[in-house]
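What follows is one structure encoded as structure tokens, with my remarks underneath.
Throughout, read-outs are computed from the coordinates displayed, never taken from laboratory work. Since this is a predicted model, take the numbers as computed values, not measurements. Cβ placement follows ideal geometry from the backbone for every residue including glycine, while neighbour counts extend to all protein chains displayed.
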Amino acid sequence: MITTERLRLRPLTDADTDWWVSLHADAEVNRFVGGYTREQAAARLRAIRQQWTERGHGLCAVELRGTGEVIGRSGLYWWEQFDETEIGWTFARAHWGRGYATEAARAVLAWGFGTLGLEQITAMIHPGNTASAAVARRLGFTPLREDTILDRPCTVYGLKAGRADGDGAA
């Protein structure tokens with residue numbers, strides 16, 4: 001479990017399936033990350049659990065420390081086809097604009113570079129997702145390349161160990 005001043009991040013479980021579907025049911029949320037049926041969400045959560053088992057990291061539910069309310073997801077996901085570990089963040093629209101994505105991602109980066117010893121972390125951001133691109137830049141990420149993820153174009157941003165929080169570029 002990762003904690004920050006306002007947030008607690010914990011591994012996602014099967015119990016999060018309905019919440020995952022609900023999060024992605026919002027058209028503004030799923031505009032860049034897509035929606036999920038219950039079956040698709042269950043399969044995605046199984047893949048995330050498998051990464052926790054095999055790689056020692058994965059995506060987390062992000063909870064408010066004060067209330068325990070789950071407000072989003074963030075964490076690390078290894079993409080075999082790219083041989084890269086990606087950081088991601090997705091939050092319920094009611095919690096946008098409060099700095100939660102940056103706070104959660106900063107803690108995930110510290111965990112990834114520190115505890116896990118990763119050399120580089122990427123962020124895959126779809127065209128038009130200006131809010132996520134701003135979070136990535138705020139954390140020190142810089143564009144590496146244009147690519148395709150899940151049949152959709154994206155810009156892959158990168159950050160090398162020791163360069164987080166704007167200390168340098170990938």
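Here, the chain has an Rg and a Dmax of 14.8, 42 Å when only alpha carbons are counted. Ordered by the number of other Cβ atoms lying within 10 Å of each residue's own Cβ, fewest first, THR4, THR85, THR115, THR67 fall into the sequence THR67, THR115, THR4, THR85.
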